[in-house]
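In what follows, a single structure is set out as structure tokens and then discussed.
The values are calculated or read from the model by the stated rules, or taken from the named source; none is laboratory data. Here the structure is a predicted model, which means the values were calculated and not measured. For neighbour counting, all protein chains shown are included, and Cβ atoms are generated from backbone atoms with ideal geometry for every residue, glycine included.
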């Protein structure tokens, strides 16, 4: 039986942004600069650098439990991103098939290959580790999404490549998928500049809190339990 995930309603205010395209591009780029600087500071309060990843894992399991067996696409953390690997490990232990994104080129949506914690990864595009091409590809039901900044409406600021926007657009046009932004709580901003090409997230999960990007709904009622 297919897993059904409700989509949040459209934002109540006008959407997309009414700013000219060049102004929107400038606003995004300016926010990327400040957000990258901000994210680089968010590990500093922790004596144990592994602590935020463990807190994220516990926050996700407590606040955003998934249906049994849901196919989850994760990602390999880079730079100053919060470490998602403890969460991926426990999702794998709980019986969730876990996938990793693979970038083919800038013109194609990402693909997703089966992953497990014991496998030997290989360098992909941009040097980010990916599963070897001998592992099968699958369609995810849940996509965990990295970001630089997020707001309460579910808009995210990425690195500007558009890979996740293109991929989520395709997945949503061909079936149900749940997009969950993963971040430090300190990456929240009042409003992320956006237009019609920017895919909204369904949920945000941080090391301190999680929320649906729509009128509140308890995750247990939406997702069931692990």
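In segment 126-146, which residues are surrounded by fewer than 21 Cβ atoms within 10 Å (Cβ to Cβ) and in a loop (DSSP other than H, G, I, E, B)?
Residues satisfying the conditions are 128, 132, 133, 134, 135, 136, 138, 139.
Quick check, is residue 113 out of contact with any helix residue (DSSP H, G or I) (no Cβ under 8 Å at 6 or more places or on another chain) and either assigned to a strand (DSSP E or B) or within 17 Å of residue 79 (Cβ to Cβ) (or both)? Let's see the steps before the verdict.
Details: out of contact with any helix residue (DSSP H, G or I) (no Cβ under 8 Å at 6 or more places or on another chain): yes; either assigned to a strand (DSSP E or B) or within 17 Å of residue 79 (Cβ to Cβ) (or both): yes.
Against the criterion (out of contact with any helix residue (DSSP H, G or I) (no Cβ under 8 Å at 6 or more places or on another chain) and either assigned to a strand (DSSP E or B) or within 17 Å of residue 79 (Cβ to Cβ) (or both)), residue 113 qualifies.
Scan 179, 149, 191, 183 and give me the residue that is closer than 15 Å to residue 73 by Cα and touching a residue at least 24 places away in the same chain (Cβ under 8 Å).
179
Please enumerate the residues belonging to segment 160-192 that are within 25 Å of residue 71 (Cβ to Cβ), in a loop (DSSP other than H, G, I, E, B) and either touching a helix residue (DSSP H, G or I) at 6+ places or on another chain (Cβ under 7 Å) or at pLDDT 95 or above (or both).
Within segment 160-192, the subset within 25 Å of residue 71 (Cβ to Cβ) is 161-183.
With in a loop (DSSP other than H, G, I, E, B) added as a condition, the list becomes 161-162, 175-177, 183.
Result: 177, 183.
Between residues in segment 107-122 that are touching a residue at least 12 places away in the same chain (Cβ under 8 Å) and on the phi < 0 side of the Ramachandran plot and residues that are surrounded by fewer than 12 Cβ atoms within 10 Å (Cβ to Cβ) and in a strand (DSSP E or B), which pairs lie under 9 Å by C-beta distance while being six or more apart or on different chains?
Cβ pairs passing all conditions: none.
For segment 39-57, does any single residue satisfy the condition of being crowded, with 19+ Cβ neighbours inside 10 Å, part of a loop (DSSP other than H, G, I, E, B) and touching a helix residue (DSSP H, G or I) at 6+ places or on another chain (Cβ under 9 Å)?
The answer is no, given that none of the residues of segment 39-57 is crowded, with 19+ Cβ neighbours inside 10 Å, part of a loop (DSSP other than H, G, I, E, B) and touching a helix residue (DSSP H, G or I) at 6+ places or on another chain (Cβ under 9 Å).
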